[in-house]
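Below is one structure; the comments refer to it alone.
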Amino acid sequence: MRLVAGEVTRVRDAKGAKTAGARAEGAERRRERWSWFKAPVVMGSRRGLEWASVAFVAGLLLNVDRIPVWTPIAALVFVAWRLLAASRSVKLPGTALRSVLALALVAGVLVRFHTLNGLSAGTALLVLMGAVKLLETRTQRDQFIVVAAAVFLLLAACLDRQSIARAPLYLLHAWLCCAALAAIGYTPGNSPTATRVAFDNRAAMVLAARSLLFALPLAILLFVFFPRLPGAFWAIPRSDQARTGLGEQMSPGSISELTTSYDVAFRARFDGPIPPPQERYWRGPVLHEFDGYTWKRTPRSLARMEPLQYLGPEYRYHISLEPSAQRWWFSLDTVTGSSDPRAFFTYDYQLISPDPVTETTTYSLVSHTSTRATVGLSAQSRRYDTQLPRNRNPRSRELALGMRAKEPSDGAYVSAVLNLFRTGGFAYTLTPPKLDLDSVDDFVFNTRLGFCGHYASAFVSMMRAAGVPARVVTGYLGGEWNPIGRYFIVRQSDAHSWAEVWLEGRGWTRIDPTAVVEPERLRRGILDLLPNSVSGPARFVRSQPWLESLLQRWDALNNWWDGRVVKFSYDDQLRLLQRLGFSSPGAQELGWAFGAGLVGWLLWIAWQVGSTGPRTRPDRLGRAYTALCKKLGHVGLERQPHQGPLAFADLVLQRRPDLGAAHSLLCSYGELRYGRPDPAAAARIGEFERAVRRFSPAARA
């Protein structure tokens with residue numbers, strides 16, 4: 001019984017051991033199976049943390065001027081906190097504290113922007129959440145996530161601004177992010193089987209630069225030939241990008257000093273002839289309503305557009321409009337119409353866009369500077385553009401009625417009022433005194449000092465007082481010629497206002513009363529007439545011809561970059577295909593061109609990888625062995641790639657028994673290469689080298 005019990009116990013233990021082994025083997029197989037889907041957790045290194053922090057801070061600096069001040073300050077505090085914790089100077093916050101910080105920061109972004117959507121709010125939120133993520137960075141995967149946040153900050157900066165001056169900064173940051181990925185991924189000891197190879201910071205940057213250079217042809221290929229979607233695919237509304245420009249109302253009496261700006265309003269490039277200076281009126285908002293002190297633009301009107309007969313030369317041109325947060329597009333007075341679906345033509349010949357201009361906008365137009373109405377002015381339009389507030393500016397109203405009674409026609413009355421401005425002691429200045437509530441009376445009878453807004457307001461008021469339909473037109477006059485890019489730069493300092501009056505047989509006619517007071521204003525810019533009207537840096541630039549020429553070259557380069565790179569469109573792609581020989585290109589031809597280029601790039605990459613693979617130079621023994629094989633090959637004894645030295649020695653002895661010396665040398669090589677270590681190996685290798693040099697096989701007779 002005792003023997004039987006012992007046998008049963010042994011059998012039970014054997015079965016248990018077998019079952020435990022099978023269970024362990026099954027668990028191991030399951031771990032191997034899941035290892036294909038889940039990578040092992042690898043702790044990050046101090047160097048990887050530093051690289052991730054540097055890449056994140058660089059991305060933060062690219063957006064620092066577009067986010068609230070407290071946002072980068074908080075992010076930099078968190079980065080310093082994490083680096084100090086890595087040196088064990090401070091402790092990292094726990095999960096509860098990190099959660100409270102994250103919620104508080106999200107609330108701060110909501111309070112500042114009232115939304116989490118949009119480029120500015122999204123960038124601020126990304127900066128803060130990336131910094132909070134850095135506080136819990138412990139593993140290699142966490143470091144990769146921080147670098148990914150830095151890459152998205154780079155993308156946010158690219159979407160925000162695409163000027164050529166920022167392109168090198170974007171390229172440097174991309175290089176830094178790639179180097180950070182290389183440094184984190186090649187950290188020695190990042191896996192149990194990792195080989196500890198020398199991979200320092202310089203090697204990471206070299207590897208990143210080489211990878212980016214290999215990717216550059218593909219990026220150019222995608223840019224040139226990948227079909228682009230029509231419309232502003234990357235347009236993101238940015239309400240914080242408004243610039244100083246013309247407004248929807250004008251109150252010249254409230255301005256005691258007109259501040260001129262050197263900022264660019266738009267650029268104009270002509271395809272053919274260029275209009276003379278006295279015809280370079282760039283039409284903007286038209287002001288109809290007047291309360292005695294302020295002129296305002298009418299948002300909507302039931303007035304109809306009077307059809308025009310376009311006279312004089314035809315001018316074709318392209319406008320590159322800078323952001324203004326306004327809805328009007330500027331055009332040479334008068335444009336024939338808008339063929340661009342992004343804008344519509346109003347009854348008073350304005351180009352209006354449904355959305356504010358928040359990014360550089362390019363459009364093409366055709367204009368005639370001389371027109372004639374083909375029908376009379378409607379009663380509604382006449383009543384609308386002769387309205388004046390009652391009991392306001394009575395003296396100028398009385399003066400206008402008296403002058404009109406002496407003139408036989410509206411045209412003669414216009415000439416009389418212009419002659420009043422010419423001979424009545426009026427002067428042009430950018431620092432006029434402020435006017436009373438009856439601004440026109442105060443200007444005409446008292447101060448007689450003002451700029452274009454004063455003269456346009458007084459002239460239109462006197463026209464309306466005499467029953468002549470008139471309105472104020474605001475826009476720009478002139479422009480600075482850039483001989484490098486061959487286009488006009490119209491600056492905010494070129495802002496101007498003039499009048500339009502309705503004359504029977506002619507229609508709406510442009511009258512510029514400022515021109516009779518300061519005739520040079522038609523031929524020269526405001527900065528040439530009054531150079532002290534701009535800031536000190538702008539005056540210094542204009543006083544140095546070489547510096548102004550340098551800035552013109554820089555502006556031409558920026559304009560080329562914006563037109564040829566940033567605004568490169570689907571139509572530009574098709575025109576490029578036409579120059580490459582395609583007669584009627586389309587999306588299919590773009591696809592073929594892109595596919596052919598992609599195949600060529602892949603072949604080039606394959607050749608580069610094959611030609612730059614690791615190559616090791618043979619040692620002394622290997623070089624001597626190679627020389628021996630070459631000598632044997634000259635007498636018809638070729639060594640096959642699969643043959644080792646001993647097999648080759650047997651072949652030599654079999655075919656040429658007279659070459660016993662070669663057999664001995666081959667056997668000596670096998671012993672030196674694969675035999676046991678020998679303290680005298682160096683001396684024996686030297687003897688082998690000398691024997692090979694002396695060996696000279698003779699050809700078979």
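Just a few scattered comments:
- Looking across the range 325-342, the residues that are in a loop (DSSP other than H, G, I, E, B) and surrounded by 22 or more Cβ atoms within 10 Å (Cβ to Cβ) come down to F330, D333.
- Checking V357, V375, V366 one by one, the residue that is hydrophobic (A, V, I, L, M, F, W, C), surrounded by fewer than 18 Cβ atoms within 10 Å (Cβ to Cβ) and closer than 30 Å to D572 by Cβ is V366 and no other.
- Verdict on W81 being modelled with pLDDT of 90 or more, in a helix (DSSP H, G or I) and within 21 Å of N201 (Cα to Cα): no
- Checking each residue in the range 671-701 for being in contact (Cβ under 8 Å) with a residue 12 or more places away in the chain and of a type in the set (D, E) picks out only E689.
- Some residue of the range 295-311 being crowded, with 21+ Cβ neighbours inside 10 Å and over 43 Å from the mean Cα position of the chain (by Cα): no
- Spans of helices (runs of 4 or more DSSP H) in the range 85-185 with at least 1 residues farther than 30 Å from A209 by Cα and either of a type outside the set (S, T, N, Q) or more than 29 Å from the chain's Cα centre (by Cα) (or both): 95-113, 119-135
- Any hit, the range 677-695, residues being at pLDDT 85 or above, surrounded by 11 or more Cβ atoms within 10 Å (Cβ to Cβ) and assigned to a loop (DSSP other than H, G, I, E, B): yes
- Candidates A209, A265, A242 - the one that is modelled with pLDDT of 85 or more, among the small types (G, A, S) and not assigned by TED's automatic domain parsing to the domain that holds V490: A209
- Failed condition for C452, given (1) loosely packed, with under 14 Cβ neighbours inside 10 Å; (2) more than 17 Å from D291 (Cα to Cα); (3) modelled with pLDDT under 90: (1)
- Pair list, Cβ < 9 Å and 6+ apart or interchain, from the range 148-168 residues that are in the same structural domain as G185 (by TED's automatic domain parsing) to residues that are assigned to a helix (DSSP H, G or I) and among the basic types (K, R): A149/K133; A156/R66; A157/R66; D160/R66; R161/R66
- Residues satisfying the criterion are present in the range 102-120 (criterion: of a type outside the set (G, A, S), in contact with an Asp or Glu (Cβ under 9 Å, 6 or more places away or on another chain), surrounded by 11 or more Cβ atoms within 10 Å (Cβ to Cβ) and under 24 Å from R66 (Cβ atoms)).
- Condition met for A649 (part of a helix (DSSP H, G or I) and over 20 Å from P618 (Cα atoms)): yes
- Any hit, the range 605-614, residues being among the hydrophobic types (A, V, I, L, M, F, W, C), over 60 Å from the mean Cα position of the chain (by Cα) and outside any loop (DSSP other than H, G, I, E, B): no
- Near pairs, Cβ below 9 angstrom, 6+ apart or cross-chain, from the range 412-427 (over 22 Å from W502 (Cα atoms)) to any residue that is part of a helix (DSSP H, G or I) and of a type in the set (A, V, I, L, M): G424/V444; F426/L420; F426/V444; F426/V516; F426/V517; A427/V517
- Residue match in the range 480-495 (condition: in contact with a helix residue (DSSP H, G or I) (Cβ under 7 Å, 6 or more places away or on another chain), of a type outside the set (F, W, Y) and farther than 28 Å from D263 by Cα): no
- Test for D436: is it assigned by TED's automatic domain parsing to the domain that holds F266, assigned to a loop (DSSP other than H, G, I, E, B) and more than 26 Å from D494 (Cα to Cα): yes
- The residue that is surrounded by the fewest Cβ atoms within 10 Å (Cβ to Cβ), among those in the range 486-498 that are out of contact with any Gly (no Cβ under 6 Å at 6 or more places or on another chain) and at pLDDT below 90, is Q492.
- Single match in F443, F459 (criterion: in a helix (DSSP H, G or I) and farther than 30 Å from A379 by Cα): F443
- All of (1) closer than 16 Å to T139 by Cβ; (2) touching a helix residue (DSSP H, G or I) at 6+ places or on another chain (Cβ under 7 Å); (3) modelled with pLDDT of 85 or more hold for P93 with one exception: (1).
- Among residues of the range 95-110 that are assigned by TED's automatic domain parsing to the domain that holds G122, those with a beta-carbon under 9 Å from a residue that is of a type in the set (S, T, Y) and in a helix (DSSP H, G or I) at least six positions away or on a different chain give the pairs L105/T71; G108/T71; V109/T71.
The values are calculated or read from the model by the stated rules, or taken from the named source; none is laboratory data. Treat the numbers as computed from the prediction; the structure is a model and nothing was measured. No Cβ is skipped: glycine too gets one built from the backbone with ideal geometry, and neighbour counts run over all protein chains shown.
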